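The values are calculated or read from the model by the stated rules, or taken from the named source; none is laboratory data. Here the structure is a predicted model, which is why all the values come from computation and not from measurement. Neighbour counts run over all protein chains shown; Cβ positions are idealised from the backbone, glycine included. In case anyone asks, the SASA skips ligands and DNA or RNA and just uses the protein heavy atoms, side chains included. Shrake-Rupley method; radii C 1.70, N 1.55, O 1.52, S 1.80 Å.
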Amino acid sequence: MTRQTDKLALDRRNFLKVFMAAGGAGALGSLASQARASAVQTKARIVILGAGAAGTALANRLVDRLSGASITIVDGRKQHLYQPGFTLIAAGLKPASYSVTSTTDWLPSGVTLVEEAAANIDPVSRKVTTASGKELEYDFLILATGLTLDYGQIEGMSMDLIGKNGIGSVYAGPDYAAMTYAEMSRFTEKGGVGLFSRPATEMKCAGAPLKYAFLTDDIARRKGNRGKLEMVYAAHNKALFSVPIVNEKLRMLFEDRGIEVRREHVMSAIDPGKKIATFQTPDGPKEIGYDFTNIIPPMRAPDVVLNSPLPWQDGPWVKQGWAEVDKHTLRHVRFPEVFAVGDIAGVPKGKTAASVKWQVPVVEDHLVAALSGKEGTASFDGYTSCPMITRIGRAMLIEFDYKDNLVPSFPGVIAPLEELWVSWLMKEVALKATYNAMLRGRA
Amino acid sequence: MKELTPGMMIAVFEEMFGMGLFWALVAGAVLVTLAFLFVVLRDRKLVASRLVRAELLAPIGAIAAILFVQFVTSSGFSDIGGPVDVIALILIGVAGAGGLTVLAYVLQGLLGNRAGKAS
Ligand SMILES: Cc1cc2nc3c(=O)[nH]c(=O)nc-3n(C[C@H](O)[C@H](O)[C@H](O)COP(=O)(O)OP(=O)(O)OC[C@H]3O[C@@H](n4cnc5c(N)ncnc54)[C@H](O)[C@@H]3O)c2cc1C
């Protein structure tokens, strides 16, 4: 027997070597799978406005696809914010630091970062001017500025009210999300009226207002205080969610949780002293008193895009200023050297990081094709996804497209309209890792 | 999610655990597997007494794996909501049970007696 073993020559030292070879091969394999199609030679000047989810992911992919291009990314914000984490912060499950990294952590070498905001875009002479007056000429411009939270559109509201007197705002940022949790925590101890709502504008992650109502309900139940709470959700139109089949499921869940729905209510003013919010409704203004409210303000394009010739010139989005791009190619309909990706794109669906993941390869395809004198073929079908948290520990993995079709990633395995633990694991464990991999251009 | 390629899975796991820890875990798994093969090939059989002793640890591995996942994810048994959740729970348990069994077998094989003298 001993002789046999010797013949196999698998002594302890040898198998260590074998293991190291195997580990090395694994690492090499992963590198090999990263190898991209051979780079396109170009001298093009590409300017990306915004180093958030979309701008960063695209920059990382372009440096792999192009050789010789001058890629400039413009963003004055030093922090990179993982915004889907705000909901977990506002539920007391993660610290504010969970969502915060540095913008430069994610940018590849080979791109130039201009650390200031873009102030003006002239798409006719193909020039961007920064806040300090620096001029950047481009051959291709990528709008990836995300959107602006317009608290000023709610009379009486300003960001310094967040975290006091029952006012929360999960969207405002990681620290504000933590302050919102502190207010929600007090509310779920003391009781009273919890008021939840959403704006009538387009918004990022349209599920987030609903998630926070569910989370507040759940936390009150865990404390044994649900009986002390009255929960009101003010929907901006007749529906809770734009996708009919999801809307119906949410209606049932709200009924089950005892969350009262007021329809066609759009918040227009708030009186923080009296704790009263005013809503515009088809029957005129209506007041609702609250002890806690999560304010989600109207959203619009940042000034630099809003005040440029790039937004929609007619239709419902003129005032909101979203860039007028083709909904499948994300290419500007009037200025073909301009693309929009992420929240700033004026497309009917898709203001989520999940959509960014699908939009970035489409813009990459059309841009690289244009640089090689060809036409791109990739098409964005409106894919968007929203892990609808229905309580701590459970969520519904809702994915849909432009046509309101459900497009589950794991059909037959993870049911989209079921409250599941695995869907919660997706949100809590897999989402941030997938987002980070996307930022690096690897997912 | 778009297409789920192996390269993307690796990228996601690297982000989840951190580059160093992820590859250390992969290395650990490969190491234990190779050690297991080594012990089995060396002895030219599975030693029943060792296997039985190792298998006694399986339920502990299963429970530990499940509790670990619940611990790192602010969730618990009451969050099981559908069949796929039960399947996920079982898979996590099986992974924990299998992992600890193999590890225990390997440790006995490497540190303990040789096959002939075992039991
Ligand atoms: C509370 C909350 C929960 C969410 N939950 C989810 C979720 O569960 N799943 C999901 O997929 N998505 C979710 N999202 C949405 C997701 O975070 C966004 O859709 C995504 O970040 C959009 O990426 P973006 O690059 O378009 O914008 P951002 O990531 O916001 O980045 C925009 C960047 O542009 C910069 N910028 C702005 N103006 C200028 C200017 N003038 N010049 C230069 N730079 C500028 C900003 O500083 C910023 O860095 C959530 C968002 C919030 C707020």
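Worth pointing out:
- Placing unit charges on the Cβ atoms of the charged side chains and taking the dipole of segment A:151-299 about its Cα centre, the candidate lying farthest along the positive direction among A:GLY258, A:ILE295, A:GLN153 is A:GLY258.
- Per residue, the convex hull around the alpha carbon atoms of segment B:6-118 comes to 134 Å³.
- Other-chain or far-sequence residues with amide H under 5 Å of A:VAL193's (modelled H): A:GLU230, A:ASP291, A:PHE292
- Protein-only accessible surface at a 1.4 angstrom probe places the residues B:ASP79, A:ASP271 in the order A:ASP271, B:ASP79, largest first.
- Its residue count N fixes a reference of 2.2 N^0.38 Å for chain A, and the Cα radius of gyration divided by that reference is 1.09.
- Carbon plus sulfur fraction of accessible area for segment B:6-118, probe 1.4 Å, in percent: 80 percent
- Solvent-accessible area, 1.4 Å probe, carbon plus sulfur percent, for chain A: 52 percent
- Once C-alpha pairs closer than 8 Å and six or more residues apart are averaged by separation and normalised to the residue number of segment B:6-118, the relative contact order reads 38 percent.
- Counting Lys and Arg as +1 and Asp and Glu as -1 over every other residue whose Cβ lies under 13 Å from the Cβ of A:ILE392, the net charge comes to +3.
- Simple point charges give the picture: +1 on the Cβ of Lys and Arg, -1 on the Cβ of Asp and Glu, and for chain A a dipole about the Cα centre of about 1380 debye.
- Normalised per residue, the accessible area of segment B:6-118 is 53 Å², obtained with a 1.4 Å probe and no contribution from ligands, DNA or RNA.
- Summary value for chain A: 16 percent relative contact order, contacts being C-alpha pairs under 8 angstrom separated by 6+ residues.
- Other residues with beta-carbon under 9 Å from the beta-carbon of B:ALA11 carry, at +1 per Lys or Arg and -1 per Asp or Glu, a net charge of 0.
- Residues of segment B:25-45 whose accessible area (probe 1.4 Å, heavy atoms of protein chains only) drops by at least 20 Å² once all protein chains are present, relative to their chain alone: B:ALA27, B:VAL30, B:LEU31, B:LEU34, B:PHE38, B:LEU41, B:ARG42, B:ARG44.
- With every protein chain in place and a 1.4 angstrom probe, the accessible-area ranking of A:ARG77, A:ARG222, largest first, reads A:ARG222, A:ARG77.
- Within the shell of other residues whose beta carbon sits under 13 angstrom from the beta carbon of A:GLN280, the net charge comes to -1, with Lys and Arg scored +1 and Asp and Glu -1.
- Per residue accessible area in Å² of segment A:362-414, where ligands, DNA and RNA are left out and the probe is 1.4 Å: 36 Å²
- Computed extension length for B:SER78-B:THR5: 23.0 nm, one decimal, from 0.36 nm per residue of separation with the Cα-Cα distance subtracted.
- Partner lysines for A:LYS164 [C-alpha distance under 24 Å; skip if fewer than 8 residues away on the same chain]: A:LYS94, A:LYS190, A:LYS211, A:LYS223, A:LYS228, A:LYS274, A:LYS275, A:LYS286
- Of all aspartates and glutamates in the structure, those lying under 20 Å Cα to Cα from A:LYS127, and not within fewer than 8 positions of it along the same chain, are A:ASP75, A:GLU115, A:GLU116, A:GLU135, A:GLU137, A:ASP139, A:ASP303, A:GLU324, A:GLU337.
- When A and B come together, around 3700 square angstrom of accessible surface is lost from both chains combined, probe 1.4 Å.
- Sequence-distant lysines (8 or more away, or on other chains) whose Cα lies within less than 27 Å of B:LYS45: A:LYS7, A:LYS17, B:LYS117
- In this calculation the C-beta distance from A:ASN307 to A:ARG221 is compared with R0 = 51 Å, giving a FRET efficiency of 0.60.
- Modelled label reach - B:GLU55, point 7 Å along Cα→Cβ, segment B:23-48 residues with backbone N closer than 18 Å: B:40, B:45-48
- Over segment A:121-168, the fraction of Cα-Cα pairs per 10 Å bin, rounded to whole percents and listed from the shortest bin up, is 20, 30, 19, 23, 8, 0.
- Accessible area of A:ARG391 (1.4 Å probe, protein heavy atoms only, ligands and nucleic acids ignored): about 50 Å².
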